[in-house]
Amino acid sequence: MKLKNYQARVLDELKLYLESLKEHQTEFEQVRKVSERLALSIDVPRSAWEKATGKISYHERRNGLNERIPDIYFKVPTGGGKTLLACHSIDLIQRILYTRQTGLVLWVVPGTEIYRQTARALKDRRHPYRQVLDVATGNRVRIVEKDEKFTPADVGQSLVILLLMLPSANRENKQSLRIFRDAGGFDGFFPPEDQWAAQQAVLKEIPNLDCFEGEGALNRQIMTSLGNALRYCKPIIILDEGHRAYSERARDTIANLNPRFILQLSATPPTQANKLVEVTGRDLDREQMIKLDIHLHNKVNNPDWKDTLLSAVDRRRTLEKEALAYRMDGGNYIRPICLIQTEQTGQKLVNDHSRIHALHARDYLIKQCGVPPEHIAVKTSDNDGLEGIDLLAEDCQIRYIITKQALQEGWDCPFAYVLAVLSNSGSETGLTQLIGRILRQPYAQKTGIKALDESYVYAFRQSSLQLANSIKGNLEKEGLGDIAGSVVSEDSKQANQTREAKFREQFRKFEGQIYLPKFVVPTADGKGYRDFMYEADILPIIDWESFDIEPVLEFNPGDPNKGGVVVDAEVGYGEGFEQLAVKTAAELSEFAEIDLVMMTRQLGDVIINPWVGYDYVKRITDALIEKYNEKVVAANFVKLIQWTKYKFEKQLGDKAKVAFEQLIDEKKLLFLLFKDEGYYYIPSRMTVRGGNMLHHGTNTQVVQKSLFDHVPEDDFNEEEKAVALFLDNQGELLEWWSRNGVGGKNYYIKGWQPRKFYPDFFTGKKHPEDDSLVGEVFVLEYKGKHLKDNEDTIYKRELLEFCNRDTWEHLSEGFPDKKFTFQMIYQDEYEQMISSAFQLPVPT
């Protein structure tokens, strides 16, 4: 599965942190050889955090052995692909920080639905999540559920991922929890009961193991429980939606499992979280991950819930007609689904007509709306009408799902378009739990049909203002607060949490004048231009048979009898209860194989022709087998795939850049400015979210130089806010500024990499001669100081240099004097860089 731009950014940030951790851990080990006492004063996770992120604030976490451990958060909204990011993160943590492919990962989820979906995906070898893990481990993955056992051999020879649900880990007596019971099955991790000396040696190393306490030290025996096996293995822990399900007691319980690394993924991390990276709703919208706008229909004055449901049914039927036409025109299969939230379920309550029952809604659909029974599923806590049903399958008949509270976080169906909330006034349950379920865009790809790219809410007898506020609040809980302005109330202006933003009075003279250039390609008939496309314009002119395999053949698997990436100590005790010997790469080769087809498939993102790719793979493996031997190559096969992909990606990037420059030199690629439809301009009016206006610190003065008269403060993160306020404070030469993406309209640049590049800010100088004209426009991209030299920053900086070339004759015939400057600015020097660009006094 190809990563989205924001997902790649998250993993790039993680790589930086892990590399910093590795560097500081190495220094720590060197100091410890000299002085154990001095080493204890070194805070490796904090030092690595400060270097990798440039942030000073870090909240320490210790495990049950009182060891400082990395504990970081990804802030990722609902629908952002947290599970995929977690799988890639496991690979990076294992490979960069611990240089291994095996071991134990504890994956903790908050609820039943997330548990089921995660287990189903990770066990399915055809699923992209599992494929990421298979590639990372050479197909040595074992998924273990809560009631299954695993052995020391499993942990030593495979990557064991234990899925666990801990919704009640805050019980007063943790001994009542299943994972801490002496249930047997984990005996191999510990010496037997009669080996007292061996047991004491283990307890000295891991003193927080649970024991049976008898009279006298001789009767203190280690429990052979799952909890103790986890403590012994020191797992990597993945916490999915940790902020929702874990009390402080539960968090302490998790820390007491002796994790070596904790990665938490959440839409709304707590204030004290070490937030490594943040993904916004705007990021998801740019990548076509969510359906916007959200259209709110509120039947506030209608006393009959059936009218609300009928409206939702009509909407769903209209959407299905659109979906059928879209499919007939070559689009993907979509079967729009309506979610219906009722007030009660359960057979005993069906005769209570004072409240809306799931079966009442079902009967109405069948008898009054003509919906076939097989098109309806009722999902309750007692009866899962969706069990075993693939809602995305083309032979699935389900079009209506009725529930009360059963579709909570984790339930995922991109075909869900319509939400009918039939609960009475004052009840936010259905809304707060279900709104996120209708936001995911099918196939993460906009259809181009407005109706199929948006979502719909029909509510019954709710206060319009309260309803809109509830939706806004829920979007914030889902990590999507920055797109709350996309809620459109169809029934009440008052309820609409949006407002129209327009050019400020002094800037209305610029209406229709602020356009931004883009890379375009002349059409074949020579009469016009089309957007430049990486896939259509760069890839076809790459010489795919000219990749050099010599850099790949520099691959070094390490001494097969001493180590390498796959070397792991087997945990536990074997015959004679002596700790088992370290497995070398040569010894572990019996579990590995050379799979040329798999390697070709993994290189498919780089070498798009599989026949050419297979030829490279065959030549590389043959040469390395001759250089080393087949066992060594097999034992390090996953490492070889990653190495080859890295080397070929570097070559592809270089070749693509050469091709990009070649197209420019041959006048086949131009950087032009257009007024035509389809080219980017800043509209003079757009809909934005309501809320407080961006203002200067504790000062009540709102920003004065923003291009638009309303700039919602909630649309900015702290770093963006600092840059915006600095721009707003500048002298007369800087006339106006605006953030990219206002009102959901985004400007982007396409270069020689497939990802779109979205700059952060636009700002303009005064025209030197005519105040009615737009002066020089600056397009600014902001980067943290810790990202100055990473690959993404280098690429964007080079692309901006292309945009600034003096060789562009003029941007277009209609704008002969228009001047643009594209500039990268950095966290630790943006003030000086902006002041220099605008010839302003440099701040002291």
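Readers should treat all values here as calculations from the given coordinates under stated rules, not as data from a laboratory. All values derive from a computational prediction rather than experimental measurement. Every residue, glycine among them, receives a Cβ derived from its backbone with ideal geometry; neighbour counts consider all protein chains shown.
Kirkwood analysis of the range 322-378, using all unique Cα-Cα pairs, places the hydrodynamic radius at 13.4 Å.
Greater than 28 Å separation of Cα atoms is the criterion. Which listed pairs, Lys2/Lys446; Lys657/Lys785; Lys234/Lys379, meet it?
Values: Lys2/Lys446 16 Å; Lys657/Lys785 25 Å; Lys234/Lys379 39 Å.
Those over the limit are Lys234/Lys379.
Highest first, please rank the peptides 825-834, 730-739 by the mean number of other Cβ atoms sitting within 10 Å of their residues.
Working: 825-834: 16.9, 730-739: 18.8.
Those peptides, ordered most packed to least, come out 730-739, 825-834.
Applying 0.36 nm per residue to the separation of Lys509 and Val521 and subtracting their alpha-carbon distance, the gain on full extension is 1.1 nm. If you add up the charges near Phe415, with Lys and Arg at +1 and Asp and Glu at -1, over every other residue whose beta carbon is less than 12 angstrom from its beta carbon, what do you get? Net local charge, Phe415 excluded: +2.
Prolate is the label for the range 748-803, because a/c, from the alpha-carbon gyration tensor with a ≥ b ≥ c as root eigenvalues, is 1.5 or above and a/b exceeds b/c. Each Lys and Arg contributes +1 and each Asp and Glu -1, all at the Cβ; summed about the Cα centre of the range 42-201, the dipole is approximately 660 debye.
Dipole orientation for the range 704-771: of the candidates Gly764, Tyr747, Leu707, Tyr747 has the Cα lying most toward the positive pole (charges on Cβ; Lys, Arg +1; Asp, Glu -1). Using the Cβ atoms and a cut-off under 14 Å, what net charge is assigned to the surroundings of Met833, where Lys and Arg are +1 and Asp and Glu are -1? Charge balance near Met833 sits at -1.
Tally Lys/Arg at +1 and Asp/Glu at -1 over every other residue whose Cβ is under 13 Å from the Cβ of Val703; what's the total? Walk me through the numbers before you get to the answer.
On the way: positive: Arg504, Lys705, Lys721, Arg739; negative: Asp709, Glu713, Asp715, Glu720, Asp728.
Every neighbour counted, the sum reads -1.
Once the convex hull of all Cα atoms in the range 6-148 is built, its volume per residue stands at 145 Å³. Extension gain, Arg181 to Gln347, is 56.0 nm, computed as 0.36 nm per intervening residue step minus the present C-alpha separation.
What ranking, highest mean first, results for peptides 793-805, 54-66 when packing means the other Cβ atoms within 10 Å averaged over each residue? Walk me through the numbers before you get to the answer.
Details: 793-805: 16.4, 54-66: 14.0.
Ranking the peptides 793-805, 54-66 by packing returns 793-805, 54-66.
The calculated P(r) of the range 341-420, using every Cα pair and 5 Å bins from 0, goes 3, 14, 26, 26, 20, 8, 3, 0 in percent. Distant-in-sequence amide contacts of Val141, defined by a placed amide H-H separation under 5 Å and a gap of 5 or more residues or a different chain, comprise Leu159. Here the range 1-110 is treated with +1 on each Lys and Arg Cβ and -1 on each Asp and Glu Cβ, and its dipole about the Cα centre works out to around 280 debye.
Quote the FRET efficiency, to the nearest 0.05, computed for Glu500 versus Arg126 with a Förster distance R0 of 51 Å and r equal to the Cβ-Cβ distance. Kindly include the intermediate steps, with their values, before the conclusion.
On the way: r = 48 Å, r/R0 = 0.94.
E between Glu500 and Arg126, to the nearest 0.05, is 0.60.
Volume of the convex hull of the range 591-712 (Cα atoms only), normalised per residue: 278 Å³. In terms of overall dimensions, the C-alpha atoms belonging to the range 248-368 reach 59, 48, 28 Å along their principal axes, ordered largest to smallest.
The 3J(HN,Hα) values that the Karplus relation (6.51, -1.76, 1.60; θ = phi - 60°) gives for the range 538-555 are, in residue order, 9, 4, x, 9, 6, 7, 5, 9, 9, 5, 8, 8, 4, x, 5, 6, 6, 3 Hz. Gly and Pro appear as x.
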